[in-house]
Structures are given as C-alpha cells and as structure tokens.
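Colleague: A single structure is presented below for examination.
The values are calculated or read from the model by the stated rules, or taken from the named source; none is laboratory data. As the structure is a computational prediction, the values presented were derived from the model and not from experiment. FYI the Cβ positions are ideal-geometry reconstructions off the backbone, even for glycines, and counts take in every protein chain you see. Please note that ligands, DNA and RNA were not included when accessible areas were found on the heavy atoms of the full protein model with its side chains. Shrake-Rupley method; radii C 1.70, N 1.55, O 1.52, S 1.80 Å.
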Amino acid sequence: MSNPSRRNFLRGRLSTCRSPALHPPGAHAGFLQLCTQCGDCSRACPQAIVVQSVSGFPELDFSKGACTFCQDCMRACPTGALAQDDTPEWPWRASVGATCLSLAGIACRTCEDGCGERALRFRLVTGGRAIPLIDTDLCTGCGECAYVCPAGAITFTVSQPGQEVQA
C-alpha cells in the first residue's frame, strides 16, 4: 500500500496508485515531496491536459489532447516540483495495446496519421491486418496518438530509446 497524504487519508483514498503516474514534464525525483497539489500547473496548461488525479497530484490526461511541451506548467509551479532548469528527458513512450483496431483486422491508422514525428508505422501481415510499430527514438511521448485513437489502445510506459516496440 502506498503512503497516502493526510488529505487523501481523511478522504478515505487509501488504495495504491497504478504503476508510475504520468506526471507533467519537468517532474523529477523529488516531485512528490515538493508538489503541494495547488493546481497551478493544471490551470496554466493551454491544452487542459494536466489534471488532478485521485491522489491529488497532477497527471497528464491524453484523452483531452496532446502535450506540446510548452513548459507553461513548469513556469507556473511555485515549489519547483516541475523544474525548468535541468529538466530530465521525458521518458514516456507510446505503447499499443490489444484493443487496437488494426490488430483486429479493421482498417485504422489514425494514430499513424496523428503522429507528427512519424514514430508510428504499420507492418502488413496476412489476413488483412497490420501490426503497429513504434520507434522509441522518434516517439516524443506527446500523446497525440492516444488522443486520436478511437479504441483507446495507446498507453504510455517508461521506455529505453533505441527500441522498436511491436504490439
């Protein structure tokens, strides 16, 4: 079980959080200790994708749009939990799940069309299917593919550059 904040303890929110949270760009190792859950980063986000999670900490919600990495959330952070200086590289990369329409034989390449970096492509296989491939060197983790995916098949994981991820 995680160590809930006093606020969440009093609200009865004691369950553990899902595996690593997708905190806004600029979140560093001390993020959870420095973040006061004030919501300034959420209000500053022009795409309105920084939302307060159940735990109270800000997280990105790619169902609302993609991140442009504008750094407005970092500039709005009064505590330094989102650091502009020495910002660590954004480690999140897209991953395609089993609900992908293309894997089911339905012609859909919306994620490929939405990816400005061209990190997503499809390899044709027999049976009218195409397997999505993600080049982690090209993927910025912006979330555009997740935003446009009609099946909600795109998730994000911390990934090592230089990999090609196949669904």
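Colleague: Under the Karplus relation 6.51 cos²θ - 1.76 cosθ + 1.60, θ = phi - 60°, what is the ordered set of whole-Hz ³J(HN,Hα) values for the range 140-148, x standing for Gly and Pro?
Modeller: 9, x, 6, x, 4, 4, 5, 5, 8
Colleague: Give me D for the range 97-153 in µm² s⁻¹, whole number, from Stokes-Einstein with Rh from the Kirkwood sum over alpha-carbon pairs, 25 °C and 0.890 mPa s. All intermediate terms of the calculation are to be shown ahead of the outcome.
Modeller: Working: Rh = 11.4 Å.
The Stokes-Einstein estimate is 216 µm²/s.
Colleague: Relative to 2.2 N^0.38 Å, what does the C-alpha radius of gyration of the range 12-140 come to as a ratio? Two decimals please.
Modeller: 1.24
Colleague: Under a 1.4 Å probe, what is the accessible area of the range 91-140 per residue, stated in Å²? Can you show the working numbers first?
Modeller: Values: 2560 Å² over 50 residues.
Counting only protein heavy atoms, the per-residue value for the range 91-140 is 51 Å².
Colleague: So which trypsin sites (Lys or Arg not before Pro) in the range 95-140 end up in coil per DSSP with only 16 or fewer other C-beta atoms within 10 Å?
Modeller: Counting only loop positions with at most 16 other Cβ atoms within 10 Å, the trypsin sites (Lys or Arg not before Pro) in the range 95-140 are R109, R118.
Colleague: Could you check the simple spin-label distance between C38 and D137, using points 7 Å along Cα→Cβ, in nm with one decimal?
Modeller: Taking the simple label geometry, C38 and D137 are separated by 4.2 nm.
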